[in-house]
Structures are given as structure tokens and as C-alpha cells.
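The values are calculated or read from the model by the stated rules, or taken from the named source; none is laboratory data. Everything numeric here is computed off the predicted structure, so don't read it as measured data. A quick note on method: Cβ atoms are made from the backbone with ideal geometry, for glycine too, and the neighbour counts reach across all protein chains shown. Ligands, DNA and RNA are excluded from the accessible area calculation, which covers all protein heavy atoms including side chains. Shrake-Rupley method; radii C 1.70, N 1.55, O 1.52, S 1.80 Å.
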Amino acid sequence: MSGRDEGGARRERFASVAAVREQLHSVGYLADDGLSGVVYLADRLGKPVLVEGPAGTGKTELAKSVAAMTGARLIRLQCYEGLDESKALYEWNYKRQLLRIQVEQGAAWADIEEDIFTEEFLLTRPLLEAIRASEPVVLLIDEVDRVEIETEALLLEVLSDYQVSIPELGTVTATQIPLVFLTSNNTRELSEALKRRCLYLHLDYPSVEREREIVLVKVPGISEQLADQVARIVRSLRSLDLKKHPSISETLDWSRTLVLLGIESVDAETTRETLNLLLKYRSDIEAASKELGATAMTA
Amino acid sequence: MLDVLTGFVAELRRSGLPVSVTEAADAAEAIRHVPLEDRQAFKYALGATLVKSSAHWRAFDTAFEVYFSLRGSQYEIGTDELFGTREEDVPGGVGAGEVRERRDGAGGLEAVSPEEIAAMLYRALRDRDKAMLAAVARLAVRLYAGMEPGRPVGGTYYFYRTLRNLDLDGVVERLVDEARGTVPGDAEALTPLEERLLEEEYRARVEELQREIEAEIRRRLVSDRGAGALAQALRKPLPEDVDFMHASREELVMMRRAIQPLARKLQARLARKRRHLRRGALDFRSTVRHSLSYGGVPADPRFRHPRPSKPEIVVIADISGSVAAFARFTLHLVHAIGAQFSQVRSFVFIDGIDEVSRIFERCETVTEAVHRVNQEADVVWVDGHSDYGHALGVFRERWGRQIGPKTSIIVLGDARSNYHSPEAWVLKELQQRARHVYWLNPEPKSYWGSGDSIIEQYAQFCDGVYECRNLRQLGAFVENLV
Ligand SMILES: Nc1ncnc2c1ncn2[C@@H]1O[C@H](COP(=O)(O)OP(=O)(O)O)[C@@H](O)[C@H]1O
Ligand SMILES: [Mg+2]
């Protein structure tokens, strides 16, 4: 179909690491140096980025933000157990093919075959869509740790040479190397081969400073003082031995609620009453309330 | 530059990181795109290409700091100044004036007194002044670490020597006290929650200082002894290679984090193994019978069910002091992948023995259960020193009859029984009843049988005795269990 123009120098998307950080900021995503550096390198080296870390630390949001700031279209492949080629890559629309065969009854099979294996009957799925795109795209392969190892091999194939071969149509080669983000909540060890192909970025819970900034950017109407308190209390909760620590999403939920309730400064009482927004397990909520209460007694 | 990179990659591999040739090439390519003087960017370029698991970051970090600690002009240290003081060490700003004045004459260590360092430390922590924190770190190392050129010690010794002189706890306490006093109107106006948050904030700043101190010591050691030698001295084992019996607190935390992924990996691998085992041999008779409904065509081949392959596990664990961590991790892992077995029962002992399976069933998390085992299990009979013979004897009496041909028994411990009678015949009897008896010993093989270790007397009645010093060996054992 189309070939990559080999001679043409690849357009570089970012001028510098600092530029990446600023652009991310401009779309409401607060990055530290490491993160911006990896995004910058992904562009320069033409490699996919594997983003790994606990849930709610901004992995999916990163891909969305990069798409937004580069004006690219986001193509998302949401992974799940059982995802296969027909849902990830492409599929023939066999119902329409059957219809056409019926309509053309009597025609030579060779003609029919030529007819039904064309664009018209091809259902394009996210991977193929990203490879074929002529406009800038960001490909997000979300929660890749959920697919089976066989599907992982398929992803690797596509990400290795950015081409897809369709036996009936030929090989489709990308005209431009898209920015690719794969995310993983690390519920399963990914294959060595896939990891080798990717740049690796570990996203953990942010520092207090960054979390406060995130809250300030994302929660309209919150005061600096409250944002600061929120970030510190969340840090405190993350230092406890809990089943699940609050993620950034939960920090944001909590902050929004506090603003809605018109609270200007959080005390132990408010915290305990709203803990269910930050913690998901009953045993965690109990442990955390006890911890906050215990401090009250010893003081 | 490429030479340094080659040495660095070799060091990572020696630390156990699986760096492939492609990845090394990627790293070389990546650093061409970042400004060399930007140390952070440089570090992340290497990290993103060479480290593909967060569990490996610490080993990478240590090696990086050693190999590239002298990058950037602000970090260069000449040999002549290695063990003296430099002008730039004392920053301008609050309180630095008087220090600088006095240095002119003496020009040595004596110029900065402990009181002055303490005052700078206090201010740096209070105001979170990063430049001043760095300066305090440098001065403190110079004044307190007592570093001597050529001495083949690692950084830890110098690190603690420096910390001992800084009274960091005292400073934090003072800062919190003062904050309590400065709230206008009421001296007690700081709520307990506020106080807690404030203290955590100061502790975080103290950790920053500690990192600066470590970095400073490392820089000096590298200048003195060269990166290669130092990297070797500082090499940190990966979580899966840390010795159970000698793990530091920090390492224990790391290992606890590593155990969930390990359990998941084992689960997946064992499940896959079982899936492959599931198909038994062709059941000819059944296939023919079913072919009747297809007009005699054997369209639906039937297979014999393979033997149920899920074993029943009984873990008997010594949880006395020296081997407690090993027992904890093993119990944790075995219960975390409990679904792979038809049943898991756990018994813990020191000189008495108690069943703790119920605790594991009742608790929501294994961490919680392990914690409760320590508090609730009744494992002390006489003096709380391991007595394998007595524990095994009681086990036989109370639960021995429940051991059957489907049971695999796993004994955990160093078999150091404080010269009590081994009662090895008990194990012999258990072996006759059970499918298998395995013994996991957290001691290095070379120690087995020395002193009060009676592992050899038990070994004759085991189907396998394995050295199990770290998570890697433990994982390998568990994987072969199914
Ligand atoms: N660095 C960041 N800057 C701004 N918002 C963030 C950042 N990281 C996370 N968030 C917010 O946190 C929430 C969770 O992020 P998400 O990307 O869905 O997490 P993940 O994919 O890691 O589970 C989103 O609402 C996102 O807006
Ligand atoms: Mg997500």
C-alpha cells in the first residue's frame, strides 16, 4: 500500500526535555524530569514506552496528554484477557462478504474472491489503524499485562517493524513512526522480548510537591493551603502498611469533595469521616482511623 | 564515554541485571540525545534503556552514582582537596558569614565548629534550603566521617559515623516543638494531626540530607579508589538474591514488595504447566462410544483424565529468631499461591508447635496473617530455644494421623536444635506416610552439620534437602513442587 519514505528525515516532535515538560504542563499534566526525558527519547529513538506502576498514577493520562499536546489523534487499544488478533489488528467483515457472495451468485470464484478481500470488507482495529494513519497519532496500548502471552507476541511483532501483513492485501507499512505507550499495572511479568523493545518508565506515587501541584491544577477552587494539607495527609497514609494505598485519582476525588463541602482546612475528624474516598478496603479504613486516633491520644 | 558505558553495563550485569546487547546499544544511542552535563537526564536515559523492572532500580542507582558521581563540574574533586575543606563548601546566605571569616586563618577543618554545623543544619531543615543541606552534608562528612585514603571500607561505616554526630532526631524534635510554640495565641494550637504531618515533613527533609551525605561519601570514595573497586564494595543484591538470614530492614521491605510479583509469576507458570498436563492419553473406548452419534466417525476424540495433580501441602516451620524471616517469606509465598494446591496447612514451632492454618484462612492479607502468627501462635514450650525433636514429636502425636499419601511435607529451618535429641525416627515415620518430605534450609550448605546443626540426621528421611537462602531459590523450589 504505502511505503515509509526512507530518505526523509523524521520530523522531531520536541525540541528538548524541558520543552516536553512545559508542553505537558500546558495540558494539565505535571511531569518530573525522568518522565519528560523518557518521552523525549521515545521520539528521538522511535521506540515505544512501557509505563509500569500501581493503578492511578497517571499512566493512561500520560498517553492522552502527549496526544493532546502534540495535536495527535489518540488511538487506544484497551487490553483484556482474551484479546486477539481480530480485535487488535484487523478482521474481515464476513457478514458483508457472505452477502456479496450471494448477490454475485454465478460469477467465477476467482472474481468473487478478488472482490471480497478488499478495503471495503476490512474492519480495521487499533493497531492497524495506527500503522495506516497518515496524520499524527499516539497509540495507547492500555493495561497490556492483561493479555495472554501469545497476544503479547503479536504486539511485539507490530512494534518491531511498524508493519502489518495481511495475506490477502499485502503488507502495510507505517508512513511515520507513531508515539506508542504501553501501560502495565504489573499484575504479570511481561516477556523479556517486549521489555527489550521498549523504553521503560516506572511511575510511582508522586512526591508531596508534585502531588500538591497536580491537585492545584486539577481541582478548581482549591486553596494552596488545602492542597498542601491534602498532599501531606496522603503521603502520611501511604507510609502506613495498608492493602491499597490511595492513588492520585483518589487524592483528586477527595480534594474535590473537600472543596464541595466548603472545607478550608482538614482536621483529623474530617479526614476520618471522608477516609472512604481515599481507601477502598474496610480493614485499611479501620487501620488508618486508628492510626490517626492513636496520635491524638499520645499527643 | 563509550568506555565508561561499557564498564557501567558490565557492572550492572555483575549485579544481576539482565542487560542484553541490544539494550546496551540502545543506551549508547540514547545518551547521544541528552546533554551530557545534565546529570538527571543522563541518568534517566540510561535507566529507561537498561533497567526494565522497578525491582532493579536500586542496584542501578547505586552503580550509577558510583560510575558517574564525578560528572558535572560542580562535583569534581581534586586529590589535594579530597581530605581538606574548600571555599565553595560554605554557601553565602543566612549564617554562613561568620563561618567564612574564621576559615581564612586556619583553612582547615578546625575552621567550622560542630556548633556551627549544628546551626546550619537546623536552618537548612527549617527552611528546606537545598543548597545549605548540600553544604551541611559536605561539611559534616569532612568533620565527622574520619575518612582516610586507601582504607578498604564501604561507605556505610563513614555514613553512620557522620550521622552519629548530627543528632538528627534532636533537631526534628526541636523544630516540631517550636512550631507548636509559634502558633499565635495558643501554645497548644497544633493538633495531633498537624503535628504528625509536620514531623513527617521534617523527616522527609532529613532523608534528603542523608542522601546528600551518602552521595558525598561516595564521591570521595570514588576519587580515592576508583569506580570499579568501589562499585564492587557497594554492590547491592537484587531483592531476589538477598540472604534471608542477613537481610537489613530496608532489604526486608524490598523483599516484601518483591513477593507479590513473585507469587503472581509462579501462579501463572504453574497454571500453564497444569494446562499442558491436563490432556491425558486417548480414551479409545469412550471415543468409539461417542463416535456412534456421528455415524461411526470418531469426530470427538475422548481423553482420559490425568491424575489430579494438585498436591496437599503441610508446612512445618521453625520461627525462632535467626530463621524467622525465612519462615515468614516461605509461609507468605506458599499461602499466596494456595490456589495451586488442594490444601495448605501450616504449623509453626520453636520448642512447642501450633497449627496456624486458620489464621491464614481468616485474615484478608497474608501480611496480616504472618503478623498474627507471631502474636498468637503457641510455640514456646520450655525456654523458647528451637527444639526440633520435641516439636516433631508433638506434631506426630497430634496431627500425624492426618498425613496421607497425597501430602507433601515441607520442613523449614536450619536444624539447629540446641543439642536437644533429634528424634529423627519421627521424620522417618512421617516420610512413610506422606507422598514426599522436603526440607528447606536457609543456611549455606557449607555450614550444614557444623555446631548444633543436625540436618544430616534428618536428611536421610527426606526426599530432598535444599539450600534456600533467598527468594530466587525459594521460587525455584516452589515451581518444581507441582
Ligand atoms: N502527573 C499528573 N498530572 C496531572 N494529573 C495526573 C497526573 N498523574 C495522574 N493524574 C490524574 O490521576 C488520575 C489517574 O490517572 P490514570 O492515568 O487514569 O492512572 P493509571 O492509568 O496509572 O491507572 C487521572 O484523573 C489523572 O488526571
Ligand atoms: Mg490506566
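Below, the figures for the structure above:
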{"quantity": "Long-range tail of P(r) for region B:2-68 (Cα pairs > 19 Å, %)", "calculated": "19"}
{"quantity": "Beta bridge orientation in chain A: antiparallel %, DSSP, nearest 5", "calculated": "30"}
{"quantity": "Accessible surface of region B:331-403, 1.4 Å probe, proportion on carbon and sulfur as whole %", "calculated": "43"}
{"quantity": "25 °C / 0.890 mPa s Stokes-Einstein diffusion coefficient of the protein assembly as shown, Kirkwood radius on C-alpha pairs, µm²/s", "calculated": "79"}
{"quantity": "Percent accessible area from carbon and sulfur atoms, region B:127-251, protein chains only, probe 1.4 Å", "calculated": "47"}
{"quantity": "The protein assembly as shown - accessible surface per residue (Å², probe 1.4 Å)", "calculated": "47"}
{"quantity": "Sites A:Thr173 and B:Asp127 - FRET efficiency at Förster radius 56 Å, r taken between beta-carbons, to 0.05", "calculated": "0.45"}
{"quantity": "Amide hydrogen neighbours beyond the local backbone of B:Val344, cut-off 5 Å, H modeled", "calculated": "B:Ile313"}
{"quantity": "20 Å cut-off, amide nitrogen to a point 7 angstrom out along B:Arg225 Cα→Cβ, residues in region B:1-26", "calculated": "B:7-16"}
{"quantity": "Cα-based equivalent ellipsoid of chain A: semi-axis lengths in Å, sorted from largest, via gyration tensor", "calculated": "46, 22, 17"}
{"quantity": "10 Å binning of all Cα-Cα separations within region A:207-299, expressed as whole percents from 0 upward", "calculated": "17, 53, 28, 2"}
{"quantity": "Using a Förster distance of 22 Å, the FRET efficiency for B:Glu250-A:Arg238 (Cβ separation, nearest 0.05)", "calculated": "0.80"}
{"quantity": "Shape box of region A:123-255 [Cα atoms, principal axes, largest first, Å]", "calculated": "62, 33, 24"}
{"quantity": "Separation of the B:Glu467 and A:Glu291 label points, Cα + 7 Å toward Cβ, nm", "calculated": "4.0"}
{"quantity": "Inter-site label distance for B:Ala339 and B:Asp3 at 7 Å from Cα along Cβ, in nm", "calculated": "5.5"}
{"quantity": "Region A:144-204: Cα Rg divided by the 2.2 N^0.38 Å rule of thumb", "calculated": "1.25"}
{"quantity": "Solvent-accessible area of A:Ser236 with every protein chain in place, 1.4 Å probe, in Å² to the nearest 10", "calculated": "10"}
{"quantity": "Interface size A-B, as summed buried accessible area [1.4 Å probe, Å², nearest 100]", "calculated": "3100"}
{"quantity": "Karplus-derived 3J(HN,Hα), 6.51/-1.76/1.60, for each residue of region A:248-261, Hz, glycine and proline x", "calculated": "4, 4, 6, 4, 5, 4, 4, 4, 4, 5, 4, 5, 4, 6"}
{"quantity": "B:Arg272 paired with B:Glu207, simple spin-label distance in nm, labels 7 Å along Cα-to-beta-carbon", "calculated": "3.6"}
{"quantity": "Estimated FRET transfer efficiency (A:Asn276, A:Asp111; beta-carbon r; R0 60 Å; 0.05)", "calculated": "0.35"}
{"quantity": "Cleavage-rule hits, chymotrypsin sites (Phe, Trp or Tyr not before Pro), region B:384-460, DSSP coil, Cβ neighbours within 10 Å at most 12", "calculated": "B:Tyr419"}
{"quantity": "Segment B:Asp452-B:Val380, length gained on full extension (0.36 nm per residue, minus Cα span)", "calculated": "24.0 nm"}
{"quantity": "At least 20 Å² accessible surface lost relative to isolated chain, residues of region A:36-62 (1.4 Å probe)", "calculated": "A:Val38, A:Tyr40, A:Leu41, A:Arg44, A:Leu45, A:Lys47"}
